[in-house]
Amino acid sequence: MSTDDVVEIQQLLAKYAVTITKGDIDGLLSVFTPDGTYSAFGDVFTLDLFPKMVAAAPKGLFLTGTALVDLDGDSGTGTQPLCFIEHSKHDMRIGYYSDTYQRTADGWRLRTRKMTFIRRSGDHDSGRPHAYEPTP
């Protein structure tokens with residue numbers, strides 16, 4: 001695992017946090033592989049559903065910590081802590097992302113990203129049903 005690869009992945013994950021915070025959907029989608037997915041609330045969302053899901057979600061600050069990354073050649077896994085602060089009331093959600101990464105011709109990209117929430121009870125779970133419901 002090279003330092004250059006780790007720095008590139010850290011920048012990729014920073015781009016995820018900054019673009020979703022700013023509402024830049026095109027920038028957000030660019031951090032994923034074309035077949036990338038996002039999982040939360042017991043569902044897996046493909047990239048074509050991501051813009052509608054993000055539009056339905058609360059807005060605010062996605063404050064992420066440094067990811068713990070494990071790379072093996074052109075793929076890898078990682079875990080990144082998250083504190084989301086909703087903008088209008090400053091309510092917080094905390095948890096972490098479990099990721100898989102893939103090196104592409106355009107550099108490192110997220111292949112999968114799964115959200116796990118940490119509850120006041122100490123439970124770790126995929127969350128309650130989301131405001132966005134995919135239509136068949």
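The values are calculated or read from the model by the stated rules, or taken from the named source; none is laboratory data. Bear in mind that the values here come from a model prediction, so they are computed numbers and not experimental data. Cβ: placed from backbone, ideal geometry, glycine included. Neighbour counts: every protein chain shown.
Tabulated data
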| read-out | value |
| --- | --- |
| Search result, residues across region 33-47 that are at pLDDT 95 or above and either under 17 Å from Leu82 (Cβ atoms) or of a type in the set (Gly, Ala, Ser) (or both) | Gly36 |
| Those residues of region 25-47 which are of a type in the set (A, V, I, L, M), more than 20 Å from Ile94 (Cα to Cα) and surrounded by fewer than 19 Cβ atoms within 10 Å (Cβ to Cβ), in sequence order | Ile25, Leu29, Leu47 |
| Considering residues of region 54-110 that are within 20 Å of Thr19 (Cβ to Cβ), over 14 Å from the mean Cα position of the chain (by Cα) and of a type in the set (Asp, Glu) only, the residue surrounded by the fewest Cβ atoms within 10 Å (Cβ to Cβ) | Asp106 |
| Qualifying residue in region 36-57 (condition: under 22 Å from Arg103 (Cβ atoms), in contact (Cβ under 8 Å) with a residue 40 or more places away in the chain and among the polar types (S, T, N, Q)) | yes |
| Counted residues, region 70-81 - those being closer than 13 Å to Tyr96 by Cα and touching a residue at least 60 places away in the same chain (Cβ under 8 Å) | 2 |
